[in-house]
Each structure stands twice: as C-alpha cells, then as structure tokens.
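The values are calculated or read from the model by the stated rules, or taken from the named source; none is laboratory data. What you see is a predicted model; the values in this text were computed from it and never measured. Cβ sites come from the backbone with ideal geometry, for glycine too, and all protein chains shown count toward neighbours. Ligands, DNA and RNA are excluded from the accessible area calculation, which covers all protein heavy atoms including side chains. Shrake-Rupley method; radii C 1.70, N 1.55, O 1.52, S 1.80 Å.
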Amino acid sequence: MYQQVKEYWKNLIEEQLHQIAQEKGVDASLVRAAGELAVNTTPSPDMGDLAFPLFPFAKVLRTSPQNIAQEIVKRLKEVEGVSPDSLLPSGPYLNVFIDIPQLARSLRESVCAEGDEYGHTDLFEGKRMMVEFSCPNTNKPLHLGHLRNDAIGESISHILKANKAEVEKVNLINNRGIHICKSMLAYQKFSEGETPESSGIKGDHLVGKYYVRYAAWEKEDPSALIQAQQMLRKWEEGDEEVMDLWNRMNRWTIEGIEETYRKTGVSFDSYYYESDTYTLGKDTILKGLEDGIFYRAEDSSIWIDLEDIKLDKKVLLRKDGTSLYLTQDIGTAIQRHEKWPFDSLIYVVASEQAYHFKVLFHVLAKLGYQWAGNLYHLSYGMVNLPEGKMKSREGTVVDADDLIASLTAMAKDEIIAKNREKEVGDIDDVSEKIARGALNYYLLQPSPTKDMIFNPAESISFNGNTGPYLQYMGARISSMLAKWEVMKDEYGDVPFEPSLLSVQDERELIKMIALWPSLVAQAAREYNPSIITSFLYDLSRTFSRYYHDHAVLKGESRELIVARVALVTMVLQVLKNAYALVGIPFLESM
RNA sequence: GCGCCAAUAGCUCAGCUGGAUAGAGCAACAGCCUUCUAAGCUGUGGGUCUCAGGUUCGAAUCCUGAUUGGCGUACCA
C-alpha cells in the first residue's frame, strides 16, 4: 500500500521531468539514462515523508537541482488531485507529504481483514522451499552455536512461509562416525550402566558427560583411539552389541535435544539421519566414477578435480571405501529431492563450512542434477564470547539448557520483584516465554552473515533493546485494549476519523504499519531475520514514546479515543505478526 | 602461501539498491512514577565510519591497494 503511494508520486514526478525535458528540447532517453528517480525518506518528519533527490537530472536539464525542484512543484500544483500543501521543495530535493489519514483508513481495513496475515506477501507463491538447520551430533547437548543456528533456521522458515512458500523444515542428525563411538566407548568402560532415569541427568547431558570422559581417558591410555576405530568398524558391520548401545545412547541424546527444542520453540517437519544416507552417497560416487566424472587415485581413493571452479582436488571416498562428510551430504541431498522435490534448498550452516558447500553444490551439478543450482548455503557467522572463542577444552562452551534455565530464572525473579505474579497467571510459563523471546531476539538482531559476540550478562539483561522490551509493548497494548473492551459499548456510535491522528508519532506509526509488508518480503529475499528484529525495535520504541506522551483511553474527545484505539489495535497486530517471525512469544500480560 | 569474510561511539550492533547534520542499546551523568504496568520515557556527553588512493554533482556505502582480525585451504564434521 505504501508502495503504491510511493509509485504514485514517483510516476507523477517522472512525468514532469520528461515534460520539462521535452520543452527544453532534451531527448527523453537522456533523462532516463541519467538514472532512476530515487525515492528516499526525509531526515526528519517535519520535512515531509518522501524525498526525491534531483541531482542526477541537473546535467541533462542544464539547470540546478534546486531549480528543477521548484519547477516540478510549480507544475504539479496544476495537476488534478495534487494538494499544493503536500509539496515541499527543499533545496535539491523535492519532498512530499503523503496523505496519512487516507493511508490510515485503508490500512485499518486491510489490517482488520487480514489479521495475523497482515504483511504476508505472495513473493514465493507456489515455491517449495526446504530449510535444513540445527543438525546436531548425538554425542553431546546443544550449545550456544546451535542456538543461533536454530533461531535463524526457524525464523527463516517462518519468513518464507509468510511469503507464501511451501516450507519443509528438515533436521539432519549426525549420528554416526568416530566421534559418536568415542562417547559410546567411554560409556561402556566407565558408566556402570547409569541411565538418564537412574542418574536423573538429561539424556543428552549424560552422553555428553561420557564424551568428555573419553577425552580424559584418551590422554591416559594411548590405545583409546584404536579402540574407538575398532568400534566404528564393528558399527559398520552391524555388530549387535554395538548397535544396541548406539541405539540406546542416540535415543537419550535425541530425546534430550528435543526437550531443548521445545523450550526454544524449534520444530521440524522431518528428520534425516546420516546413518541412513551415507550409503546412497557412496553409491552415487561410485556411479560418478564409472561415468568418468571422478577419478581413482593410486591408493584407490576416489577424487574430484575442482579446477573448473578454481579449487584444488578433493577426496570423495576414502581408500578403505568408507564415506566422508561430503559423501554423506551428497546422498542426503539426493534423497531429499526424491522424497520432497524442492524448488530450493537452504542450508543454514556456519560460515566455516562455506568451502564444503561450494564443493557439494559443484559435485551435484557435475553429477547432472538440475536442481543443484537451487541449493543455497545460508552462511551465518560464528558466535564468540567477550573473552574470545568458545573452547570445549577450556570449558568455555555455553550450554544451551543452562543458558535457558538462567534466563528463565531471571525472568521469574523479575516478575516477583515487580509484584506481577497475580497478573501474569502461570508464572513458569510466562517466565519461559520471556526467556525464549530474550534469547531469540538477542541471537537474531545482528545480520546473520556476521560473526557476533554473545555477552551472557547482556543477554540476561531485560532493559533496553531486548526481547522483553518488545514483549512489554505487546503486553501494554493488550492491557489497554482489555480496558477498552469494557468501555467500548459507549462508543458504538463514534466513527473512525483518521485525520485526528495528527501528532508526529501517530504519523510515524501509521507509516511503519504501512511499511510492514515490504519488510516481510525483504527479509525473505535476503534470508535475513534481522530486518524483522530491527523493525520490531523501531516500532516498539516509537510506540513506547507515543503512549507515554499521549493518553489513548483518556483522549480529549470520544472521536480521538476511537481513532487512537484503532491505531493501537493495528500496532498490536503488526507487533504480533512480527513476533511470530522471529520467535518472540506474545504475552498478554507480563 | 592462496581463498573467503569483516573493520562504524569505551562496549555490542543498525545504517535499504551511493543522497540532506552517521543512528540505537549498554556503560556515564541529569531529570520523570497521586496520571492507560517505570521491563518505561526525556535530556547531556561520546565519531577523521581502520588507513591511502580512485569513480561521482555527492562515498560509511562502489572500485583498487595496504593494515588488523576471523574463517577456510584434512582420507574431521
């Protein structure tokens, strides 16, 4: 809608530019060649809403941008339906005040009608998009790095859906390999048969405990690694005892991880297991060898030459015939496309694996899969701590469950400190939702592609630019609207008069509401949830100032109250719709 | 060595396809709760946008080079 308003003014001004050119005997194509007319926002609202810089046309029209602005204004004033008050030449810019009341009126209709879907676009209509994320190992619990991955994957999936894509969220469980055997071996040796039930330790943490135990043992006993390799061979042979232990421990880990998913609001449409896909990868490589796409080295390992993409050579299958990470991923991709033919597949994986995906996509293309061109690596940056990198050896890895638990406890303390226990209802539920919102917001604020520093103290603070701040705005509006419900019968006869919404912040809020759909589309095009989080913060901050300065339910007139309630209702709807895209639970009360 | 990425306030981050005096939060300081929840609001201080060139009417933004940092370049994942 805002888009239409922009287009409307842009077309009007372009028309005038061409007319001026014509009168000066300048060819229209020269004006076009000078560049497209840019539509900007003004530095401050009292200078108008839209700004059209006219620098590019100065040369072809052989006059200053200032003169062009004046000239266009003069002409536009003659144009039918253009209010002279809406034009403000400002030096080399031509600024425009848009018709906010009219915008508000039509917004009110669409926000009301579309509700939770207001802002959704048809950008990806008819597209089947698969999103892979999380992909945990089954030898330890989730840590902070996974949380960023999960937050991005989950959010992107929602954003794509909001643009009408059909989305399949997939998880790939890394449940095989030497690292898995290590925790199994240590468990066999040192556990005395303890289980999550007997020990009271969450399954993933219990397995993780033995992964750590292995590392200690390996230092004392040089045969540890050999034993682990032996176990891997036994696993590949399907040894009953090993398979049994493997199944049991995998189950513990996955159940534990799924509990963490529930707490962070993460879910999947389907799970893939590397133990199921690695043989398909292997077969595909062998077929590629037959077809002459790959070659066999002297030691009988299989390679691909990456000269085409200016890279080195890469191993696809070990000399003993066992498969690698790349081998598995090839199998997984093929299997996925068979099961759920996608138009695109987005891998949410850390930037350190950029090289891997470059090679993967290339190999799949070489193998002749048409869809290889529709694979995309959404490469996100590392999560570091203020002291530097997380290092498991130094025990600085931030455990996901611990972090969530302390955030939840903090939220609960805050509710109690503010004496809000009665109002919030289920205090544990609300605390958990505040923690989840705080975490997701913190993780989604920076651009996904950039490395970020996770400051635990800061993430735990609920003041300032944080998830709880955003939730608080939603709760405050909800509380206002609850009061309105009680009094609204007396206002049934009062019409909505948007021209009463004339203070600066009201105009700003209306523009933001109007802008929302274009941001939903932008976030999808760029695979970038931080577009949504920064919008949320802007909207909340503006609203916060607004309701602080202007009474909604105690407005000076009945008409003003009705107009403001309508505005506030729209703000709440947009907030809710935005929360939903970035994993911030909506709270009616907090 | 080579490749990819980043560098903006003391710290953490925004800054749209180049456009008007570069913005937030935290931290510091000063105000605001008989008034719709103070998880809030307002104000003050704080910047040679790493450096050097270039393109342009105009560069934090684009190009080149340098510096610093991160990641990768494994028959690990």
### Message
Based on this model, can you work out whether A:Lys422 counts as under 18 Å from A:Ser155 (Cα atoms), exposed (fewer than 15 other Cβ atoms within 10 Å of the Cβ), among the charged types (D, E, K, R) and within 13 Å of RNA strand B (Cβ to nearest atom)?
### Response
no
### Yes/no for A:Asp27 being of a type in the set (D, E, K, R) and buried (at least 17 other Cβ atoms within 10 Å of the Cβ)
no
### Query
Quick check: anything in segment A:88-103 within 14 Å of RNA strand B (Cβ to nearest atom), more than 22 Å from A:Val571 (Cα to Cα) and open to solvent by 70 Å² or more (accessible area, probe 1.4 Å)?
yes
### Residue list for segment A:425-453, restricted to those being in a helix (DSSP H, G or I) and surrounded by fewer than 18 Cβ atoms within 10 Å (Cβ to Cβ)
A:Ile427, A:Asp428, A:Asp429
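Per-residue answers, yes or no, for (1) open to solvent by 50 Å² or more (accessible area, probe 1.4 Å); (2) assigned to a helix (DSSP H, G or I); (3) within 13 Å of A:Tyr2 (Cβ to Cβ):
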site: A:Asp489; (1), (2), (3): yes, yes, no
site: A:Val494; (1), (2), (3): no, no, no
site: A:Glu506; (1), (2), (3): no, yes, no
site: A:Lys511; (1), (2), (3): no, yes, yes
site: A:Ala514; (1), (2), (3): no, yes, yes
site: A:Ala523; (1), (2), (3): no, yes, no
### Message
Against the conditions (1) open to solvent by 30 Å² or more (accessible area, probe 1.4 Å); (2) modelled with pLDDT under 95; (3) within 12 Å of RNA strand B (Cβ to nearest atom); (4) among the small types (Gly, Ala, Ser), where does A:Ser459 fall short? Just the number, please.
### Response
(1)
### Query
Does segment A:403-419 contain any residue that is at pLDDT below 95, within 10 Å of RNA strand B (Cβ to nearest atom), open to solvent by 30 Å² or more (accessible area, probe 1.4 Å) and outside any helix (DSSP H, G or I)?
yes
### Summary
Within segment A:301-314, residues being open to solvent by 40 Å² or more (accessible area, probe 1.4 Å) and either within 12 Å of RNA strand B (Cβ to nearest atom) or touching a residue at least 40 places away in the same chain (Cβ under 8 Å) (or both) number 8
### Task
Would you check if there is a residue in segment A:122-131 being within 16 Å of RNA strand B (Cβ to nearest atom), open to solvent by 10 Å² or more (accessible area, probe 1.4 Å) and of a type outside the set (Asp, Glu)?
yes
### Task
Inspect segment A:473-487 for any residue being near RNA strand B (Cβ under 8 Å from one of its atoms), crowded, with 17+ Cβ neighbours inside 10 Å and outside any helix (DSSP H, G or I) and give the result as yes or no.
no
#### Entry: Subset tally (residues that are part of a loop (DSSP other than H, G, I, E, B) and surrounded by 20 or more Cβ atoms within 10 Å (Cβ to Cβ)) for segment A:317-347
1
#### Entry: Check on A:Pro529, open to solvent by less than 20 Å² (accessible area, probe 1.4 Å) and in contact with a Pro (Cβ under 9 Å, 6 or more places away or on another chain)
yes
### Message
Which residue is surrounded by the fewest Cβ atoms within 10 Å (Cβ to Cβ), if the candidates are limited to segment A:262-283 and must be farther than 21 Å from A:Ile178 by Cα and in contact with a helix residue (DSSP H, G or I) (Cβ under 7 Å, 6 or more places away or on another chain)?
### Response
A:Ser267
### A:Gln70, sole failed condition from (1) away from RNA strand B (no atom under 12 Å from the Cβ); (2) in contact with a Gly (Cβ under 6 Å, 6 or more places away or on another chain)
(2)
### Task
Might you check whether a residue that is farther than 30 Å from A:Phe294 by Cα, open to solvent by 60 Å² or more (accessible area, probe 1.4 Å) and either of a type in the set (A, V, I, L, M, F, W, C) or in contact with an Asp or Glu (Cβ under 6 Å, 6 or more places away or on another chain) (or both) occurs anywhere in segment A:361-381?
no
### Message
Is it the case, given these coordinates, that A:Val82 is more than 16 Å from RNA strand B (Cβ to nearest atom) and open to solvent by less than 50 Å² (accessible area, probe 1.4 Å)?
### Response
yes
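Criterion first (away from RNA strand B (no atom under 16 Å from the Cβ) and open to solvent by less than 40 Å² (accessible area, probe 1.4 Å)) does A:Leu12 satisfy it?
Details: away from RNA strand B (no atom under 16 Å from the Cβ): yes; open to solvent by less than 40 Å² (accessible area, probe 1.4 Å): yes.
Considered against the rule, which asks whether it is away from RNA strand B (no atom under 16 Å from the Cβ) and open to solvent by less than 40 Å² (accessible area, probe 1.4 Å), A:Leu12 comes out as yes.
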